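First up is the structure itself, then whatever we jot down about it.
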Amino acid sequence: MKTNILYYGDNLQLLRDHIPEESVDLIYLDPPFNSNRSYNVLFKEASGAGSEAQIEVFEDTWHWGPAAAAAYDDVISGPSQGVAGMLKAIVEGLGHNDVSAYLAMMAPRLLQLQRALRPQGCIYLHCDPTAGPYLRVLMDSIFGPTNFRNEIVWRRTGSHNQLNRFGPIHDTLLFFTKSADHKFNKVYRPYTKGHVETYFKKEDKRGKYWTNALTGAGTRGGDSGKPWRGWDPTNKGRHWAIPGRIAEELGISDLPLLDKLEAMYQAGFVQLPAEGSEALPTYTQYLADSPGLPGQDIWAYQPHSQGLLQDSDEGIDEDIRWLTPTDSERLGYQTQKPLGLLERIISASSNPGDVVLDPFCGCGTAVHAAHKLGRKWIGMDITYLAIGLVKKRMQDAFPNLAIEEDGVPVDLTGAQALADHDKYQFQWWALLRLGAVPIAGKKKGADKGIDGVIPILTGGTAAKPTYDRVVVSVKGGANVGVSMLRDLNGTLTDKDPIGIFLTLAEPTKPMKEFAAGAGFYDSKLWAKKFPRIQIITVQDMFDGKTPDIPWGKSPFAKAAKEKEQAKQGALDIGQ
């Protein structure tokens, strides 16, 4: 199986064709539903049936139609009858509407993801409260209710003003595993200063400490229920419960339980009750040895809480703070998730060298975090806008990284096939390949036929440069003519002084003559004249030809350069 690869296409077919059974360690997915997100969309079935499922690139409004019905029938008639029964009950209960259409399209994809997950693997499904409850039920039927681990609440924004209800400011992360024997690394956050002042009141030569229970509720058989040094936990309705972190730090994890207790006592981590006391022994937790507060299932950054944490300048849960419009991490993707959120997930549920899969990779936050933390990764998306953005992001963040793309044209035949299959995907691929940023979705109007732009530097200062634009018109049809160039020429203005006609077909002789006679843009800054109308063919791009323009800057926001193989924080292997 290939890793460090971006797949363009329908993730249902990609999962079937490229991801072997039990080959992935961690899956994160953020499938769209009523999010108004720009690029990350589910697509119609590979058969092409059902235009209702082909969602506009700037919408994700779901409706029941032939594609949803086909996906539903595929699950109902398939071998996973437990899942079929659950999906049938949901659809019959809800009727044929947006939510049931969404669930019908998600069900076969979740089945494929369950197949791909390794026995010790984990999956996090990111969803909003609208579809979350139904997805939880669907996940129960696919992964098994006993493999549900957490419903994590993530605060996704600061506030949301609503007229007749409480402001909706959270998303949900459904955390499931393939089995009970799954990977989990405890992630810690700093204590609050108030917690330290309340609990770590005692102090000796080793520093501040407090004493904590060395037993758990309920009786157990085996060593955990046997007496030690005269104290019998069973008589108190309890059992010995040794903190795994302490045992690991002392190097005694492999010892029998009662030997662990003795080793902890000899190392000074156990306090014995006074003679005649009814209490049980406790362990001593020193502040200097404590990694912090173990992660809980509410992940909520608290604004203006800086200064409240012990030995940290961060606010509470600031590592997973939502992104604001001015954050340098922003790449212009509407529903972009913070890198810290994915780093926490990946750190908790995988180890370096593991394979992380995101089948709805959007702008690539999951694959970025995976590579940063030393994991292998696989990204999939149905729009080339997303694939192009992820590739650019990864190359900016990791300049020496070799990224393989699958499903993307590498020659004229592939470009023609893409144009025949979906003219909009061809348009976006061609624009990104050229270095232009798309400015229109599938609905045209005010753009006057302009499909993309390239900013060009015209002057100003280093602090405040000024830019004009090169406008780009893309044509993927077999027939092009001089009237198209006249239309492009008619869009040019003082602020849009150059037009590029990007075509899959070869231009005609009259087109070449028109372009040659269209005049020049005289750039004072560059002291050079540039042709006002330029024709670039797709074959030209494959041959390495670029437009003759005063390039100014990349049209895309640039991701910060990262250090690869970043170290994880303090982690404690648990289950």
So is MET105 buried (at least 22 other Cβ atoms within 10 Å of the Cβ) and in the same structural domain as THR335 (by TED's automatic domain parsing) or not?
no
Subset tally (residues that are over 26 Å from the mean Cα position of the chain (by Cα), among the hydroxyl-bearing types (Ser, Thr, Tyr) and closer than 30 Å to PRO338 by Cα) for region 274-301
1
Among helices (runs of 4 or more DSSP H) lying entirely in region 451-554, which contain 2 or more residues that are surrounded by 14 or more Cβ atoms within 10 Å (Cβ to Cβ) and either in contact with a Ser or Thr (Cβ under 9 Å, 6 or more places away or on another chain) or in contact (Cβ under 8 Å) with a residue 60 or more places away in the chain (or both)?
482-491, 538-542
For PRO352: the one exception among (1) surrounded by 24 or more Cβ atoms within 10 Å (Cβ to Cβ); (2) over 15 Å from the mean Cα position of the chain (by Cα):
(1)
Within region 149-157, can one find any residue that is within 26 Å of ASP297 (Cβ to Cβ), touching a residue at least 60 places away in the same chain (Cβ under 8 Å) and not assigned by TED's automatic domain parsing to the domain that holds ARG136?
no
Of (1) among the small types (Gly, Ala, Ser); (2) over 30 Å from LYS178 (Cβ atoms); (3) in the same structural domain as TYR28 (by TED's automatic domain parsing), ALA366 fails just (2)
Quick one: which residue in LEU287, LEU341, LEU309 is outside the structural domain of ALA217 (by TED's automatic domain parsing), crowded, with 17+ Cβ neighbours inside 10 Å, more than 30 Å from GLU404 (Cβ to Cβ) and aliphatic (A, V, I, L, M)?
LEU309
Check on ILE246, of a type outside the set (Gly, Ala, Ser), in a loop (DSSP other than H, G, I, E, B), under 40 Å from the mean Cα position of the chain (by Cα) and surrounded by 12 or more Cβ atoms within 10 Å (Cβ to Cβ):
no
With (1) closer than 22 Å to LYS558 by Cβ; (2) at pLDDT 95 or above; (3) surrounded by fewer than 23 Cβ atoms within 10 Å (Cβ to Cβ) as the list, and LYS376 as the residue in question, which single condition is left unmet?
(1)
Within region 361-446, considering only helices (runs of 4 or more DSSP H) that don't extend past its boundaries, which have at least 2 residues that are over 15 Å from the mean Cα position of the chain (by Cα) and either in contact (Cβ under 8 Å) with a residue 60 or more places away in the chain or farther than 23 Å from ASP25 by Cβ (or both)?
384-397, 412-421, 423-434
Scan ALA84, ALA67, ALA71 and give me the residue that is in a helix (DSSP H, G or I), outside the structural domain of VAL137 (by TED's automatic domain parsing) and in contact with a Lys or Arg (Cβ under 6 Å, 6 or more places away or on another chain).
ALA67
Can you tell me which residues in region 79-102 are surrounded by fewer than 14 Cβ atoms within 10 Å (Cβ to Cβ) and among the small types (Gly, Ala, Ser)?
GLY82, GLY85, ALA89, GLY93, GLY95
Of everything in region 156-209, what is of a type in the set (Val, Ile, Thr), farther than 30 Å from GLN334 by Cα and touching a helix residue (DSSP H, G or I) at 6+ places or on another chain (Cβ under 8 Å)? Give them in sequence order.
VAL196
Is it the case that ILE454 is under 22 Å from ASP540 (Cα atoms), modelled with pLDDT of 95 or more and not acidic (Asp, Glu)?
no
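The values are calculated or read from the model by the stated rules, or taken from the named source; none is laboratory data. Quick caveat: nothing in here was measured; it's all calculated off a predicted structure. Methodologically, a virtual Cβ is constructed for each residue, glycine included, from the backbone with ideal geometry; neighbour enumeration extends over all protein chains shown.
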